[in-house]
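Have a look at the structure below, then the notes.
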């Protein structure tokens, strides 16, 4: 290697996102009342695309195959950090581009984009956190801007109410999480994940430790919108502007899983706590229960909704349940395979779910109503976007022609391989059920006759670009799944052998 | 790379047509569909292969095989190739699609670009189904067929189109799931002896008896259970009585061109998959239970024909007669004789052409008269001479008139199944009786609608159909006669591919 970048450059994606946020704030202080939406959205889009490019470059170049420890080992950049960095940055780019049109009449342009970039910064940091303190700080860094983003439509009651609910539950679960961290610190005497691991290996305070681990698990459940801290999600996603809902349900959920994967596997190793001689804190069992309850609840609730956005919100809870299978199948002897399955699903999900929410954003932009009936016959007016939406929905349902089928297949196959065939079976049944409510939207868009007159006067460039990009990636992930799987396996290898 | 090119060109055409304006979509789609048509004919003319694609010692045409996703025991590959079973079906798909597109010009009068785009997308998926040799890849294409089909019936269909579309979608999707579970159970049962989902590798391992037990389930039980699951899954697609109830609804509601594709090609997916999976991979299960399977076949033949006899809607008559004809295919397959299997495969092609022809002529009649009820019309022969002539010729093809494709297929099937296994004489005799019923309802329906004094119960002007409606009919009837006069066009390659499946001690004539 002729030229070696300094090691702090490994955090490039995080730094780029953070600097973009600051730059946007600078723009705002120079000209607070700017109407130059293009400049702001363009800056944010460039920043997030730069982060995408950096993550992809590092991944391909093999950065992080030897984990890079920074800042007294509190932050670590390995293949998993970069893998998730790619997911967050891609979702951010899509959301920012779509927001250009969606937020057109909004008075807090710069703040909006700055908040999105700050939240994304926090997410990438979550994937790199190697200390419980950094975990907490980055969790808050991504949560606090999210609260403001949900409530950013100040004059809209739904938005404000959603923001308040999200904030209250967020504050509660943060408190629970940080209390869990303090208990774990009390038991092990360290906040660094590897040292926590050696601490839990030779402690006899398993009762306290158990409570601590469960509380930490609760914090992750909140961030990933899993049972029992899931109930903010439908309200928040429904009230929030649709691009923000896309951002939260895709990127924020993936961030929760990224940090959960690392903390649980590194700090509370399965072989010590679950299957070891002192096996006493069986968080894998807890994850199994949560996985089953989360996916079943999400899917059944989604099936009973009347509004498309709310249906998607519940479906995103269901998908959290699928990914929880990855945690629930640890200790089965093929840890790397199941974790890779979970990560690959999060990546595919990042595109298909963002795309689906952005289609909702498009519908809201056109002032189409919220219910299934309101979507009747949309394909006659907007066939192109409707094709994209169909791709997203069938991919979410796990129908074979699209990327979602591959990732679900490998996730379930990993569970079967680890011996948890019943988890895979419950997942498959839920997945089959999900086809019912996803296809309701497809049916409304394509088959039903238009019930009202759509006032579709324009085809917004930004929203269309984002939706088409997400659809193209969702389709390309099927033939390209080989390399996704390769990166996901490498990322999982950073955590478990 | 020819198969890839074929699929890619078709997909690109679908996208191009989807974006084209409604006015030119139909003509553009037909013109673009000539590309895969010419491509497949070129492939046929240069086709050089021997043996069965799934068995050892075969030489495949246009084969490509490279890794797609490598993940331990679940690695997937892009593996496509043609043997004597799939080559005729590829040709059938491209021919029927082009003709069906031509037949769409008259009946499809709204959202044309979407319709034609979806039809081409359907064609691409079908080409994939018939050429894929990796189970996963095959399953992707298999399910890909459903999406355009669902929309095609649901948007451009008749009055009860939504019900018919959702029924078709749900039936076949559940069937796919059952089949998927059955097959994956087999793969797990094979354990470490197979490290991919490559169909040839799995078929050879299964035939070599490497199936182990899966959990508490022994190898013998696993085989039977997987066979049942896969049979049930494919039986819905074929369809075999009692899994057939989605078909008449789908056919009656579907617009004519979609019916042509449905009867002509989609039903063949079911029998093709039965041949590839059940009858190639688990031959001893099929042979041991031949009488039971033959019973399904014969019940389909007789019951389908009886139902057709009871209908008053021309399209329903043709739809139920498809159920009947596909029963012959199953009977031929389960015989495990040279003629039985060869004839069954040939029947897939022959029935594809003849049923496409029948649906197309019913469609042309409907375009003009705006009714399909037998009781609403009579004496059409005097007004639409060519259409009626083709319809009559096609009906005789259905009845198995010599020198038509159906005759060769059914003759081979009966020759092959007669005496092939215990009780097969009776099953064959019963199936032959089905032809009598077919002749009965077709002659009866034709006599009432086509001949006699002209009378139509609608106010529409009845005259000769447009050239682009009649041309595909004439092409199809010529193809049917061509295959009847010289079955060896396809039969030689078919025979070559099914030979390795037939046990040396096979019975039959």
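The values are calculated or read from the model by the stated rules, or taken from the named source; none is laboratory data. It should be emphasised that the depicted structure is a prediction, and the values quoted were computed from it without experimental measurement. Cβ coordinates were reconstructed from backbone atoms using ideal geometry, including for glycine residues, and neighbour counts include every protein chain displayed.
Looking at (1) out of contact with any helix residue (DSSP H, G or I) (no Cβ under 7 Å at 6 or more places or on another chain); (2) within 30 Å of residue B:216 (Cα to Cα), can you tell me which one residue A:448 breaks?
Evaluating residue A:448 over (1) out of contact with any helix residue (DSSP H, G or I) (no Cβ under 7 Å at 6 or more places or on another chain); (2) within 30 Å of residue B:216 (Cα to Cα) leaves (2) as the failure.
What number of residues in region B:191-233 are assigned to a helix (DSSP H, G or I), in contact (Cβ under 8 Å) with a residue 12 or more places away in the chain and either more than 14 Å from chain A (Cβ to nearest Cβ) or within 26 Å of the chain's Cα centre (by Cα) (or both)?
Residues in region B:191-233 being assigned to a helix (DSSP H, G or I), in contact (Cβ under 8 Å) with a residue 12 or more places away in the chain and either more than 14 Å from chain A (Cβ to nearest Cβ) or within 26 Å of the chain's Cα centre (by Cα) (or both): 22 in total.
Yes or no, residue by residue, for (1) surrounded by fewer than 24 Cβ atoms within 10 Å (Cβ to Cβ); (2) under 19 Å from the mean Cα position of the chain (by Cα):
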position	(1), (2)
A:426	yes, no
A:437	no, no
A:447	yes, no
A:463	no, no
A:466	no, yes
A:470	no, yes
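Mind listing just one residue for me: the one in region B:159-173 that is more than 10 Å from chain A (Cβ to nearest Cβ) and surrounded by fewer than 22 Cβ atoms within 10 Å (Cβ to Cβ) and, of those, farthest from the chain's Cα centre (by Cα)?
So the residue we want is B:159.
Select, from A:489, A:465, the only residue that is facing another protein chain (nearest Cβ under 9 Å) and either over 27 Å from residue A:270 (Cβ atoms) or assigned to a helix (DSSP H, G or I) (or both).
Checking each option against the conditions leaves just A:489.
Under the condition of being in contact with a helix residue (DSSP H, G or I) (Cβ under 8 Å, 6 or more places away or on another chain) and in a loop (DSSP other than H, G, I, E, B), which residue from region A:472-486 is surrounded by the most Cβ atoms within 10 Å (Cβ to Cβ)?
So, considering only residues that are in contact with a helix residue (DSSP H, G or I) (Cβ under 8 Å, 6 or more places away or on another chain) and in a loop (DSSP other than H, G, I, E, B), the one surrounded by the most Cβ atoms within 10 Å (Cβ to Cβ) is A:477.
Across region A:408-427, what is the total count of residues that are in contact (Cβ under 8 Å) with a residue 12 or more places away in the chain and more than 8 Å from chain B (Cβ to nearest Cβ)?
Within region A:408-427, residues that are in contact (Cβ under 8 Å) with a residue 12 or more places away in the chain and more than 8 Å from chain B (Cβ to nearest Cβ) number 12.
With the checklist (1) crowded, with 24+ Cβ neighbours inside 10 Å; (2) at pLDDT 90 or above in hand, flag the one item residue B:434 doesn't pass.
(2)
Answer yes if at least one residue in region A:148-156 is within 22 Å of residue A:214 (Cα to Cα), in contact (Cβ under 8 Å) with a residue 24 or more places away in the chain and either within 18 Å of the chain's Cα centre (by Cα) or not in a helix (DSSP H, G or I) (or both), and no otherwise.
There is no residue in region A:148-156 that is within 22 Å of residue A:214 (Cα to Cα), in contact (Cβ under 8 Å) with a residue 24 or more places away in the chain and either within 18 Å of the chain's Cα centre (by Cα) or not in a helix (DSSP H, G or I) (or both).
Looking only at region B:107-134, which residues are over 21 Å from residue B:154 (Cβ atoms) and not in a helix (DSSP H, G or I)?
B:132, B:133, B:134
Residue under question is residue B:106, and the condition is that it be surrounded by fewer than 22 Cβ atoms within 10 Å (Cβ to Cβ) and more than 10 Å from chain A (Cβ to nearest Cβ); does it hold?
yes
Please go through region B:49-64 and give me each residue that is modelled with pLDDT of 90 or more and over 24 Å from the mean Cα position of the chain (by Cα), ordered by number.
Within region B:49-64, B:64 is the sole residue that qualifies.
Could you say whether any residue in region A:446-460 is part of a helix (DSSP H, G or I) and more than 10 Å from every other protein chain (Cβ to nearest Cβ)?
Looking for residues that are part of a helix (DSSP H, G or I) and more than 10 Å from every other protein chain (Cβ to nearest Cβ), one finds none in region A:446-460, hence no.
What do you reckon, is residue A:495 crowded, with 23+ Cβ neighbours inside 10 Å and away from every other protein chain (no Cβ under 13 Å)?
Considered against the rule, which asks whether it is crowded, with 23+ Cβ neighbours inside 10 Å and away from every other protein chain (no Cβ under 13 Å), residue A:495 comes out as no.
Tell me which of these residue A:422 doesn't satisfy, since it passes every other one: (1) in contact with a helix residue (DSSP H, G or I) (Cβ under 8 Å, 6 or more places away or on another chain); (2) modelled with pLDDT of 85 or more.
(1)
Residues in region B:312-330: is at least one surrounded by 24 or more Cβ atoms within 10 Å (Cβ to Cβ), closer than 26 Å to residue B:131 by Cα and over 15 Å from the mean Cα position of the chain (by Cα)?
No, there is no match, as no residue in region B:312-330 is surrounded by 24 or more Cβ atoms within 10 Å (Cβ to Cβ), closer than 26 Å to residue B:131 by Cα and over 15 Å from the mean Cα position of the chain (by Cα).
Is there a residue being assigned to a loop (DSSP other than H, G, I, E, B) and touching a helix residue (DSSP H, G or I) at 6+ places or on another chain (Cβ under 7 Å) anywhere in region B:407-417?
no
Could you run through region B:176-190 and say how many residues are more than 12 Å from chain A (Cβ to nearest Cβ) and out of contact with any strand residue (DSSP E or B) (no Cβ under 6 Å at 6 or more places or on another chain)?
Within region B:176-190, residues that are more than 12 Å from chain A (Cβ to nearest Cβ) and out of contact with any strand residue (DSSP E or B) (no Cβ under 6 Å at 6 or more places or on another chain) number 5.
Hey, could you check region B:127-158 for residues that are away from chain A (no Cβ under 12 Å) and more than 22 Å from residue B:18 (Cα to Cα) and say which is surrounded by the fewest Cβ atoms within 10 Å (Cβ to Cβ)?
Within region B:127-158, the match that is surrounded by the fewest Cβ atoms within 10 Å (Cβ to Cβ) is B:158.
Residues of region B:334-369 being surrounded by fewer than 24 Cβ atoms within 10 Å (Cβ to Cβ) and within 17 Å of residue B:411 (Cα to Cα), which ones?
Within region B:334-369, B:338 is the sole residue that qualifies.
Check A:138, A:159, A:174 and return the single one that is in a helix (DSSP H, G or I) and surrounded by 22 or more Cβ atoms within 10 Å (Cβ to Cβ).
The match here is A:138.
Give B:400, B:484, B:406 a once-over and let me know the one that is within 22 Å of the chain's Cα centre (by Cα) and at positive phi.
B:400
Out of B:48, B:63, which single residue is part of a strand (DSSP E or B), away from every other protein chain (no Cβ under 14 Å) and touching a strand residue (DSSP E or B) at 6+ places or on another chain (Cβ under 9 Å)?
B:63 is the lone residue from the list that is part of a strand (DSSP E or B), away from every other protein chain (no Cβ under 14 Å) and touching a strand residue (DSSP E or B) at 6+ places or on another chain (Cβ under 9 Å).
Can you name the condition, by its number, that residue A:64 falls short on among (1) assigned to a loop (DSSP other than H, G, I, E, B); (2) touching a helix residue (DSSP H, G or I) at 6+ places or on another chain (Cβ under 8 Å); (3) closer than 21 Å to residue A:357 by Cβ?
(3)
Please tell me if residue B:122 is surrounded by 23 or more Cβ atoms within 10 Å (Cβ to Cβ), within 13 Å of chain A (Cβ to nearest Cβ) and either closer than 16 Å to residue B:249 by Cβ or in contact (Cβ under 8 Å) with a residue 60 or more places away in the chain (or both).
yes
Quick one: is residue A:435 in a helix (DSSP H, G or I) and away from chain B (no Cβ under 11 Å)?
Taking the combined requirement at face value, the residue does not satisfy it.
(1) in contact (Cβ under 8 Å) with a residue 24 or more places away in the chain; (2) assigned to a helix (DSSP H, G or I); (3) surrounded by fewer than 24 Cβ atoms within 10 Å (Cβ to Cβ): which one isn't true of residue A:106, the others all being true?
That leaves (2) as the condition not met.
Quick one: how many residues across region B:8-27 are in a helix (DSSP H, G or I), within 13 Å of another protein chain (Cβ to nearest Cβ) and crowded, with 17+ Cβ neighbours inside 10 Å?
Residues flagged as in a helix (DSSP H, G or I), within 13 Å of another protein chain (Cβ to nearest Cβ) and crowded, with 17+ Cβ neighbours inside 10 Å within region B:8-27 amount to 5.
If we keep just the residues of region B:69-94 that are farther than 20 Å from residue B:344 by Cα and either at pLDDT 95 or above or crowded, with 24+ Cβ neighbours inside 10 Å (or both), which is nearest to the other protein chains (Cβ to nearest Cβ)?
B:76
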